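Colleague: The following block contains the structure, expressed as structure tokens.
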Amino acid sequence: MPETRTWQVRWRSAQRSARAATRAAVRTARAAADAARQTWQATPRHTQQTWRLTVVSAATGLAVAIVAVAAAGPWDSGQRTAERTEAAVVDGSSGEHHAAIPSRPAPSAPPVLPALGVPTAGTAGRGAAPAPTDAGLADALAPLLKDPALGSLRTASVLDVAGRRQVFGAGQDKAATPASTVKLATAVAALATRGPDHRIDTTAVLAGKDRVVLVGGGDPTLTARAPRPDAAEQPASLRALAEATARALHKRHLTTVGLGYDASAYAGPVEHPIGPNENIAPVTALMTDEARLDDSDHGPAPRETDPAGAAARTFADLLHEYGITVDGAPAAEAPAKPERLAAVHSLPLSALVERMLTYSDNDIAEALARQTALGAGRPASFTGAAGAVRAALARQHLPLAGAVFADGSGLDRADKVSAGLLAHLLLQASDPGQPALRPVVTGLPVAAFTGTLSNRYTGQSAGAGAVRAKTGTLTGVNTLAGTVVDADGRLLVFSFMTSGTTDPQGAQKALDNLASAVANCGCR
């Protein structure tokens, strides 16, 4: 038994060594804990809060990761199998073999949304996604167009972007009231006429020896508010204009001036045909913050009845802050030979278009329609803008039969367009050969996430995040027009219109179901 006793002696010795090592580790851990506690107690409170948040976030992230891995598991069914297969065909081989020095860049995942109208690059089987067939889409959409929540007039158009052809239509040539989807026409016309980089100027000029005139160029986003620290780009600032104007006046040794304002860039009536309304301010070439009387920046709000005069009075107050006294009340005037003192510039037209579409901003829409008129040398009025928008769309060879553009915002029920026109507007904007029109697509609200679609598509996994669309709503009128990538990865544009509805929520849901059906369709 000597070997057994020797083994036992060695085992007990190893146990003693292990216990000694454990006790040493415990002592070390306790000493470290005491040191950490002392350091913690000496740490400022705000730093402690930051560390707590970091530890909690890390723990939460670890827990989420563990749950995700457990849920995903080692199983290769469903989506995981599809992902593995997809990765394997990127370069025709499995994803397991890697050259030491690759002869070409490693394959990467395709973008979430493929480039508009451009086939996905790759080998055979990774080219352009298959287009849906007319019959396949009809099977998916025709039953949904019979939804009783839709009104007596129901029209639809779905176009394949890459093939530039219609793949589904129902009354697509009938002109109907578009509501706010007419903003798509306003956007395309403004971008095609002025260009995406055009900016709208607001200026201060010297008229005579000691009189300043504030001249509006038609920028409804000119702001008198403090800059927003979270904004990547700031709108034109009336305060900045006042500061620059005061600086120019001080150089001329002027500290007391008269003040006028000029809104003559626009012509015709300032009131929209629907009358005073919280959805739109009087349409003038000079206003600040869309003439809102509250601190909102989109949506309905009470408005100034005299936006130009109110902007001039605010400008007078700002000049006073910079050492300039304004003698008397501001008055409307159009100086004959003005000398420019200072100017501020709006965000580029591309940004204004995106904001207009995301939030369905009526004030920006009317301004863009008038910018189209000014760019075409027409009067910047409701009538002049309507003619300019139609002419700009005609130059784009768009289907305008029956179209009526009574305003730029879609608030006027006299507006008439077809589902085919709305779809073709989006087709033009999705064309890689027309990058100037791209803001029409990038400004569209994302279903369930942004803008006027943020509260829609709940529970519709196929449409949420995949559909991008402009909404349109008036009493008895519901419309939806936008873009979607279908289940096969094919980019399509669509337009659905209905009139005579009595259940607005039901009608919206029915239109959302139509768009979700396109997103969910691999209709062949």
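Colleague: Quick one: compute the contact order of region 215-353, relative version, from alpha carbon pairs under 8 angstrom and 6+ residues apart, as a percent.
Modeller: Numbers: 226 pairs, mean separation 49.4, N = 139.
It rounds to 36 percent for region 215-353.
Colleague: Can you pull the one-decimal nm distance between simple spin-label points at Thr502 and Thr305, each 7 Å off the Cα toward Cβ?
Modeller: It works out to 3.9 nm between the two label points.
Colleague: Further question: So how strong a dipole does region 383-524 carry about its Cα centre when Lys and Arg Cβ are +1 and Asp and Glu Cβ are -1, to the nearest 20 debye? Could the numbers behind the result be given before it?
Modeller: Numbers: 11 positive and 8 negative charges, 32 e Å.
For region 383-524, the charge dipole is close to 160 debye.
Colleague: Please give the FRET efficiency for Arg524 paired with Ala414, using the beta carbon to beta carbon distance and R0 = 25 Å, rounded to the nearest 0.05.
Modeller: Numbers: r = 41 Å, r/R0 = 1.65.
That pair, Arg524 with Ala414, gives E of 0.05.
Colleague: While we're here: For Tyr322 and Ala336 in one chain, what is 0.36 nm times their gap in residues minus the Cα-Cα distance, to one decimal in nm?
Modeller: Details: separation 14, 0.36 × 14 = 5.04 nm, distance 2.69 nm.
Extra length from Tyr322 to Ala336 when fully extended: 2.3 nm.
Colleague: Let me ask you something else. Exactly which GluC sites (Glu not before Pro) in region 324-368 are in a DSSP loop and have at most 16 other Cβ atoms within 10 Å?
Modeller: Working: sites: Glu333, Glu339, Glu354, Glu366; in loops: Glu333.
Qualifying residues, ordered by number: Glu333.
Colleague: In a solvent-free Debye calculation with one equal scatterer on each Cα, what is log10 I(q)/I(0) for region 462-524 at q = 0.20 Å⁻¹, listed in the order of the q values?
Modeller: Result of the Debye calculation: -0.70.
Colleague: Quick one: accessible area per residue over region 420-463, 1.4 Å probe, rounded to a whole number of Å²? Write down the numbers at each step before the final one.
Modeller: Working: 1490 Å² over 44 residues.
On a per-residue basis, region 420-463 sits at 34 Å².
Colleague: Of the peptides 311-317, 211-217, how do they stack up when ordered by the mean number of other Cβ atoms within 10 Å, highest first?
Modeller: Details: 311-317: 20.9, 211-217: 24.6.
Listed from highest to lowest mean packing, they are 211-217, 311-317.
Colleague: On full extension of the chain, what length is gained from Arg395 through Thr458, given 0.36 nm per residue of separation minus the C-alpha to C-alpha distance?
Modeller: Numbers: separation 63, 0.36 × 63 = 22.68 nm, distance 3.95 nm.
The Arg395-Thr458 span can extend by a further 18.7 nm.
Colleague: I would also like to ask the following. What accessible area per residue, rounded to a whole number of Å², is obtained for region 288-402 using a probe radius of 1.4 Å? Each step should come with its number before you reach the end.
Modeller: On the way: 4870 Å² over 115 residues.
Accessible area per residue, region 288-402: 42 Å².
Colleague: Label region 270-317 by shape, choosing from rounded, prolate and oblate, from the square roots a ≥ b ≥ c of the eigenvalues of the Cα gyration tensor; if a/c is under 1.5 it is rounded, and otherwise prolate applies when a/b is larger than b/c, oblate when it is not. If you can, show how the numbers build up before the last one.
Modeller: Numbers: a/c = 2.46, a/b = 1.34, b/c = 1.84.
Note, shape of region 270-317 comes out oblate.
Colleague: So what's the projected area for region 209-250, the Cα convex hull averaged over all directions, in nm²? Display every interim value, and only then the final one.
Modeller: Values: hull surface 15.4 nm².
Directional mean of the projected Cα hull area for region 209-250 stands at 3.8 nm².
Colleague: Using 1/(1 + (r/R0)^6) with R0 = 51 angstrom and r between the beta carbons of Asp295 and Arg165, what's the FRET efficiency to the nearest 0.05? Walk me through the numbers on the way to the answer.
Modeller: Numbers: r = 48 Å, r/R0 = 0.94.
Taking R0 as 51 Å, the efficiency between Asp295 and Arg165 is 0.60.
Colleague: For region 415-461, what relative contact order do you get, as a whole percent, if you take Cα pairs closer than 8 Å and at least 6 residues apart?
Modeller: On the way: 29 pairs, mean separation 8.6, N = 47.
18 percent.
Colleague: Can you tell me how much longer the chain between Ala232 and Ala135 gets when fully stretched, taken as 0.36 nm per residue apart minus their C-alpha distance, in nm with one decimal?
Modeller: Numbers: separation 97, 0.36 × 97 = 34.92 nm, distance 4.61 nm.
Length gained between Ala232 and Ala135: 30.3 nm.
Colleague: Let me ask something else about it. Over the alpha carbons of region 150-290, what is the largest minus smallest coordinate on each principal axis, giving the biggest first in Å?
Modeller: Here the Cα extents, ordered largest to smallest, are 69, 36, 28 Å.
Colleague: Sticking with this one: With a cut-off of 8 Å between alpha carbons and a minimum separation of six or more residues, what is the relative contact order of region 277-330 in percent?
Modeller: On the way: 59 pairs, mean separation 16.9, N = 54.
The normalised contact order for region 277-330 reaches 31 percent.
Colleague: How large is the convex hull of the Cα atoms of region 389-524 per residue, expressed in Å³ as a whole number?
Modeller: Numbers: hull volume 16.5 nm³, N = 136.
Dividing the Cα hull volume of region 389-524 by its residue count gives 121 Å³.
Colleague: When the accessible area of region 376-523 is computed with all protein chains present and a 1.4 Å probe, what percentage of it is carbon and sulfur? List each step's numbers first, then the result.
Modeller: Working: 2600 of 4810 Å².
Taking all protein chains in place, region 376-523 shows 54 percent carbon and sulfur surface.
Colleague: In region 116-265, what percent of the accessible surface is made up of carbon and sulfur (1.4 Å probe, ligands and nucleic acids excluded)?
Modeller: Values: 3370 of 6370 Å².
Carbon and sulfur: 53 percent of the exposed surface of region 116-265.
Colleague: Ok, one more. Take the Cβ-Cβ distance between Val404 and His250 as r, set R0 to 45 Å, and report the resulting FRET efficiency rounded to the nearest 0.05. Please report the intermediate quantities before stating the final value.
Modeller: On the way: r = 52 Å, r/R0 = 1.16.
Once rounded, the FRET efficiency stands at 0.30.
Colleague: If Ile274, Ile200 are ordered by their accessible area, calculated over protein heavy atoms with a 1.4 Å probe, which sequence runs from highest to lowest? Mind dumping the intermediate values first?
Modeller: On the way: Ile274 65, Ile200 5 Å².
From most accessible down to least: Ile274, Ile200.
The values are calculated or read from the model by the stated rules, or taken from the named source; none is laboratory data. Computed from a prediction, not measured in an experiment: that's the story for all the values here. A quick note on method: Cβ atoms are made from the backbone with ideal geometry, for glycine too, and the neighbour counts reach across all protein chains shown. Surface areas here come from the heavy atoms of the whole protein model, side chains and all, with no ligands, DNA or RNA. Shrake-Rupley method; radii C 1.70, N 1.55, O 1.52, S 1.80 Å.
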